[in-house]
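Below you'll find the structure, written out as structure tokens, and then a few comments.
What follows draws every value from the coordinates through simple rules; no lab data is involved. Since this is a predicted model, take the numbers as computed values, not measurements. Neighbour counts are summed over all protein chains in view; Cβ atoms, including those assigned to glycine, are modelled from backbone coordinates with ideal geometry.
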Amino acid sequence: MIYATTNILEGYQIEKYLGVIAGEAIMGANVFKDFSAGIRDIVGGRSGSYEKELHQAKELAMEDLTAKAEELGANAVIGIDLDYETIRGSMLMVSISGTAVVANK
């Protein structure tokens, strides 16, 4: 699968547009991570536990996006947009959208 944030793929011809697709992942943060992140906010530094959750959520959303593209017969997703949101203050949502296409050299 080829991924691009642009609407074109250099060196490829887009043969077919299959539609807009999205992949989502929602992760909950537990109280210990929240407490640890709160301490880091006060004293400074990076929150490794939140960074790990964020990375995992992004990977899950990408897997979901890929599965949907493959179901449509796509070999690429163009125009990818990645969004991060918090829900109720303790849940992290990652949403990745793009256009599934068939592209050939």
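Here is how the numbers come out for the structure above:
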| quantity | calculated |
| --- | --- |
| Cut-off 15 Å, label 7 Å out along Cα→Cβ of K16, residues of the stretch 54-84 by amide N | 69-77 |
| Amide proton proximity set for Y3, modelled H, under 5 Å, gap of 5+ | V77 |
| Segment T6-M91, extension gain: residue separation times 0.36 nm, minus the distance between their alpha carbons | 27.7 nm |
| Fewest-first sequence of T66, T86 by Cβ atoms within 10 Å of each Cβ | T86, T66 |
| From phi via Karplus (6.51, -1.76, 1.60), per-residue ³J(HN,Hα) for the stretch 96-105 in Hz, x at Gly/Pro | 10, 10, x, 10, 6, 9, 10, 10, 10, 6 |
| Hits among aspartates and glutamates - C-alpha to C-alpha of K68 under 14 Å, sequence gap 8 or more where chains match | E24 |
| Net +/- balance of residues flanking A103 in space, Cβ distance below 11 Å, scoring K and R +1, D and E -1 | 0 |
